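Taking it in order: structure first as structure tokens, then the write-up.
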Amino acid sequence: MSKAKPPIKVARRLPRPTTQERHHPIINDFYHWLLSLKLLPFLAAVLSFYLLLNTLFALIYSFTGGGIANAKSFADIFFFSIQTLSTVGYGAMYPQNFAAQVTVGLEVFIGLFLIALLTGLMYARFSRPTAKVVFSKVAVVSPFDGIQTLMFRVANRRENQILEAKVQVSLLRFETTKEGYRLRRFYDLKLPRERTPAFGLSWLVMHPIDQNSPFYGATLESIETAETEIWITLTGLDETSSQTIHARCYYKYSEILWDMRFVDLFSQDERGQYYMNIQLIHDVVPV
């Protein structure tokens, strides 16, 4: 008799994700969403949650059959919930039956966790290193030493310096392959100087458009058709906090100006001292 063949294992195919699927940041990454909020929306979100939670517990207390002594209105119960959640307790109002005591215990337990979480969130927000770096609103293309050059400016708005600063510039544009596929492709742009030991004032970042440049032969029409964008990332070490900081910026094709140059930022006063006017960082003039 011939031996029976082992059953063939069929791989289970996982469902393919659809392009219409969207994930809300509040549901999928709540902690990161809270950190990325600006200060006023963050405080508004915390205050709304705080008031909602106390209102919820006040409603529970109101169904305990007069479980809170000396509480004459819903407002009294609400403020009793605030005292309980923060573990203050002035003694004028107190739980006087079993249901109210259980609710108080649950609220105190939740309050301890909330204080710890909010303390961690506030520390994470205020201890996070930030870069006070400003990029010029536009990039320009103009001759520099006889070569067409893509240029933009960066300035440090703090009085300290960014040590070991490094800037990386990439070009992003749509291209059509020989098979007819339209794809977005990245190209790293070479810079004559991409690092500086100390970045304290301003930095004119340049990319020569030579034969090795992805920009070579580009025109206003071609970069608009390809929906060209320039992406910039700047990293460095803050000398005050000794922490790594990041800054980023990008320019659309409409923000790349041809045959324009930047206005000089530095001027000289009557005593012969040079100073930088950061308000002029965005200003350009025709070549």
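The values are calculated or read from the model by the stated rules, or taken from the named source; none is laboratory data. Since this is a predicted model, take the numbers as computed values, not measurements. All Cβ positions, glycine included, derive from the backbone under ideal geometry; neighbour counts span all protein chains shown.
Structure notes:
- Test: residue in segment 140-158 that is within 29 Å of Trp258 (Cβ to Cβ), of a type outside the set (D, E, K, R) and touching a Ser or Thr at 6+ places or on another chain (Cβ under 6 Å): yes
- Summed over segment 188-203, residues that are closer than 15 Å to Gln148 by Cα and surrounded by 14 or more Cβ atoms within 10 Å (Cβ to Cβ) total 2.
- The listed residue being aliphatic (A, V, I, L, M) and in contact (Cβ under 8 Å) with a residue 60 or more places away in the chain, out of Val133, Val102: Val133
- Residue check: Ala218 meets all listed conditions (1) over 25 Å from Ala165 (Cα atoms); (2) surrounded by 14 or more Cβ atoms within 10 Å (Cβ to Cβ); (3) touching a residue at least 40 places away in the same chain (Cβ under 8 Å) but one, namely (3).
- Every listed requirement among (1) modelled with pLDDT of 90 or more; (2) among the charged types (D, E, K, R); (3) closer than 30 Å to Val205 by Cβ is met by Arg128 save one, (1).
- Tally, over segment 203-212, of residues that are outside any strand (DSSP E or B) and touching a strand residue (DSSP E or B) at 6+ places or on another chain (Cβ under 7 Å): 2
- Hey, Glu239 surrounded by fewer than 17 Cβ atoms within 10 Å (Cβ to Cβ), closer than 18 Å to Gln161 by Cα and of a type in the set (D, E, K, R) or not: yes
- Scanning segment 86-104 for residues being assigned to a helix (DSSP H, G or I) and exposed (fewer than 12 other Cβ atoms within 10 Å of the Cβ) gives a total of 1.
- For the condition without any contact (Cβ under 8 Å) to a residue 40 or more places away in the chain, in contact with a strand residue (DSSP E or B) (Cβ under 8 Å, 6 or more places away or on another chain), in a helix (DSSP H, G or I) and not basic (Lys, Arg), Gln83 does not qualify.
- Residues in segment 160-182 that are under 24 Å from Ala139 (Cα atoms) and over 23 Å from the mean Cα position of the chain (by Cα): 3 in all.
- Members of segment 108-132 that are surrounded by 14 or more Cβ atoms within 10 Å (Cβ to Cβ) and touching a His at 6+ places or on another chain (Cβ under 9 Å): Ala131
- Candidate set from segment 238-281 (those that are over 14 Å from Val133 (Cβ atoms) and small (Gly, Ala, Ser)); member that is modelled with the highest pLDDT: Ser254
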